[in-house]
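J.: If you scroll down you'll find the structure; I have some questions about it.
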Amino acid sequence: PETPSSSGSDTSIRPPMSAEERLMVAVRIRPLKPDETTRALYAVDKKHIILEDTDKFDVTRQKRALDKRYSFDVVFGENSTQEEVYEVTTSRLVKDVLNGYNATVFAYGPTGAGKTHTMVGDPNQPGIMVRALNDLFEAVKDKEDEYSVSMSYLEIYNEQIRDLLNPQSGYLELREDARGKSIQVAGLSEISTTSTEEVMQLLQKGNKARTIEPTAMNRTSSRSHALLSVTVRHSVPVDKKDHLRMRVRQGRLFMIDLAGSERANKTKNRGKRLQEGAHINRSLLALGNCINALSGGARYVNYRDSKLTRLLKEALSGNCKTVMIAHVSPSIAQKDESRNTLLYADRANNITNKIERNVLDVSYHVSQYHTVISELKDEITRL
Ligand code: ADP
Ligand code: MG
């Protein structure tokens, strides 16, 4: 058999190689728009940002003293390109996933700060999701007998999960495995493909299926979290002459476009909007609480408060290399949101994960072959 199944097979986990790795925090500043006149925030260099924290009544001579300087793993200024952002944040994760590690990259920040531009982009300036899939497929090209790649794409909107590759399937539930270690979305479609074109079509279709509701702040902003998951499984015989024992390594890459992190009051939410805002805040609040707890080294972290944190549990605390890309606008009108985003990113900078490679040796149990042999015998007698 080419693909090992867990049922009936004798699966033993080899001692994994593990290492401590700090969550990488990047900040991207989007360009100033024509209707935005004044900057309150700018990149000093590739690692530092200054936020001018004066209000309009402050006198200029006090200005410098009130400026706040932040430092991050990497800062992308207003002129950064999609390629640069992908190369620095995600291209290494793609290599890790091919080698059997888990990895997550997520875009955080208020509505209109550039999250969807970074993650999805447009056909002329493709974002991280498209570039990562391209690189993955390029790497496994002509090696289809060793590699299998599958992807899923889901949305969390109002604390409900929808399958963006099959929106007709309704709301889906989260299920934990018996040991409570890994979490699954029941009924989520997993599509196997190694064709870049096919995947582009699936992504575009999925993005059209995202729940997009206008808010007073940004008419085209999405109020939903979108999670693209790509699983790469590599299996080769432990010994070329012995196809009963396979060495399998599996890596998964999560790419997440979060909903806006701004406060509900600023978007003038009413009625449905308000309820929606409350849910979005619940998910992001839960994420913020987890980040607070993890960065402070807390022994207990509550992931159960929202679907988002339940799904991100492994990325934040477990066996996963994680990159956060915080997004900010340089405009003075967004100063408060920018400050909140930078503080949040600053805390995330202190999170450390324990990274292990997922390698399994799968031996097929002899009894499985007895079954196969007797089935073949049956077939022969029927002929
Ligand atoms: P968000 O997803 O955070 O709400 P968007 O990605 O939709 O924000 O960005 C808002 C607007 O700003 C869009 O029109 C987008 O094309 C533009 N934009 C965002 N970031 C950039 C950037 N780095 N370069 C050029 N345009 C950008
Ligand atoms: Mg968006």
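J.: When you look at Asp122, is it surrounded by fewer than 20 Cβ atoms within 10 Å (Cβ to Cβ), within 16 Å of ligand 2 (Cβ to nearest atom), among the charged types (D, E, K, R) and at pLDDT below 95, yes or no?
T.: Spelling it out, Asp122 is indeed surrounded by fewer than 20 Cβ atoms within 10 Å (Cβ to Cβ), within 16 Å of ligand 2 (Cβ to nearest atom), among the charged types (D, E, K, R) and at pLDDT below 95.
J.: Kindly indicate whether any position in the stretch 162-182 is of a type in the set (A, V, I, L, M, F, W, C), surrounded by fewer than 18 Cβ atoms within 10 Å (Cβ to Cβ) and either within 16 Å of the chain's Cα centre (by Cα) or within 16 Å of ligand 2 (Cβ to nearest atom) (or both).
T.: no
J.: When only residues in the stretch 71-89 that are among the hydroxyl-bearing types (Ser, Thr, Tyr) and either more than 11 Å from Asp45 (Cα to Cα) or under 18 Å from the mean Cα position of the chain (by Cα) (or both) count, which is surrounded by the fewest Cβ atoms within 10 Å (Cβ to Cβ)?
T.: Restricting to residues being among the hydroxyl-bearing types (Ser, Thr, Tyr) and either more than 11 Å from Asp45 (Cα to Cα) or under 18 Å from the mean Cα position of the chain (by Cα) (or both), the top hit is Thr81.
J.: Shifting gears a bit: For Val105, which of the numbered conditions (1) within 16 Å of ligand 2 (Cβ to nearest atom); (2) part of a helix (DSSP H, G or I) fails to hold?
T.: If we test Val105 against (1) within 16 Å of ligand 2 (Cβ to nearest atom); (2) part of a helix (DSSP H, G or I), just (2) comes out false.
J.: Follow-up. From the set of residues in the stretch 145-180 that are among the small types (Gly, Ala, Ser) and either assigned to a strand (DSSP E or B) or touching a Phe, Trp or Tyr at 6+ places or on another chain (Cβ under 7 Å) (or both), which is farthest from Leu202 (Cα to Cα)?
T.: My answer is Ser148.
J.: Evaluate the following for Ala286: is it within 16 Å of ligand 2 (Cβ to nearest atom), at pLDDT 85 or above and either within 27 Å of Ser91 (Cβ to Cβ) or outside any loop (DSSP other than H, G, I, E, B) (or both)?
T.: So Ala286 does not fit the description; no.
J.: Now a separate question. Return the residues of the stretch 106-133 that are within 15 Å of ligand 1 (Cβ to nearest atom) and out of contact with any Gly (no Cβ under 9 Å at 6 or more places or on another chain); say none if nothing qualifies.
T.: Phe106, Tyr108, Gly114, Asp122, Pro123, Asn124, Gln125, Pro126
The values are calculated or read from the model by the stated rules, or taken from the named source; none is laboratory data. The shown structure was predicted, so the numbers you read here are calculated from the model rather than taken from an experiment. In this analysis, Cβ positions are derived from the backbone assuming ideal geometry, glycine residues included, and neighbour counts consider all displayed protein chains.
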